[in-house]
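Worksheet for the structure shown next.
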Amino acid sequence: MKKTILSALICSSFFIVNSTSSFGADQQNDTSKDIAAIQKTVVLQQQKISDIQSSNEKLLSALEKQGADYKAESKERFEQLSELKTALEDVNTKLDDTNQSITTLENTTKISEQNLKKDIDSLSADTAKRTTDLDNKLTNKSLLGLLGLLGLLGILGGVYWYLRKQHNQENVGLVNKVQSALEGVKKAEENIVQSDAQLITQLHEVLAQVKLEHAHLAETAALTASTHLVSDSEDNIDHGLAIKLADEIHRMRRRIAALPENTKGLKSLSKSLERLEEELKDNGYEIIDYMGMNYTEGMTVKARFIPSDELNEDESIITRVVYPQVNFKDKLIQKADIEVSVG
């Protein structure tokens, strides 16, 4: 673009010089001064454009590095979250098994108590009958048998109390483990929210750079218009930073949707993301998310089709958006990359 503008300016300068060769010396001097001023302005604008492009390249490189670091960190945290969820499932399984064992033990103990009560009732009735029949002939042997029975009851009661105590201790340990696992999951979710909040701050810096670039391009367009040179400045805008910004906003939306609503800092993060998207929209960019929409032939997207048994025949639903569609002033600058489930 810079070469085109410079060539146009030089050609126009020669044209002006040739067309005014018939005027007097004073008029030629004025024309030369105007041409020199225009050339000086062009050189200054070229220098500004070079500086902007250099800054954009540095910022883009830094953003790509930060994005790679953030993806690695997010992957590690999601793996930790998966491990915690697996551990929680194991704990729940063990807890269910323990509860089932306790229920079985309680049922067995209840049956034993009922049988023992029947035996005691039967023995009491038999003892009363023998006492009546034998009168005062109760021997030490009968007394020892009664004491033995009472001792057996005491032993059974002690065993039941011990088993009950062990069960309660195991329950407390399992509850502590479950609580620890839940706290770990919650902490991991809060760390994700904090990382996203830091990323939003960096994305605001990128958006400021995009605004600066648009301002310089608008200034250049105004200057070239004053010299009667026609240029389509909007067609030459570099949308690379804005597209990366839109992709990060889309990924953060998906992460926020996957987190529980009561996660600490989630509401503040959602508000910041909405403000960032509004600022991007004010600069002419629009993010279009096709998630959950019906797919129709002729859509300007990159689509991959996956068979699904859950959908009816001839039904097509967009079930995943890898990259969203991005428009600049109602003009497509990035196609959406999607997956479509087909019945």
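Counting 0.36 nm for each residue step from Thr86 to Tyr162 and taking away their Cα separation leaves a gain of 24.1 nm. Where in the stretch 283-304 does the label zone of Lys211 land, with the point 7 angstrom along Cα→C-beta and an amide N cut-off under 13 Å? Those under the cut-off are 283-284.
Once both labels are positioned 7 Å from their Cα atoms along Cα-to-Cβ, the gap between Thr300 and Glu79 label points is 4.0 nm.
Distance between the modelled labels on Asp119 and Leu59, one decimal in nanometres: 8.7 nm (7 Å Cα→Cβ projection). For a straight C-alpha distance cut-off of 16 angstrom, the aspartates and glutamates reachable from Lys65 (same-chain residues fewer than eight places away being disregarded) are Glu57, Glu73, Asp196, Glu205, Asp247, Glu248.
We did not get these values from a lab; they are worked out from the coordinates using the rules stated. Worth saying up front: this structure is predicted, and the values here are computed from it rather than measured. Neighbour counts are summed over all protein chains in view; Cβ atoms, including those assigned to glycine, are modelled from backbone coordinates with ideal geometry.
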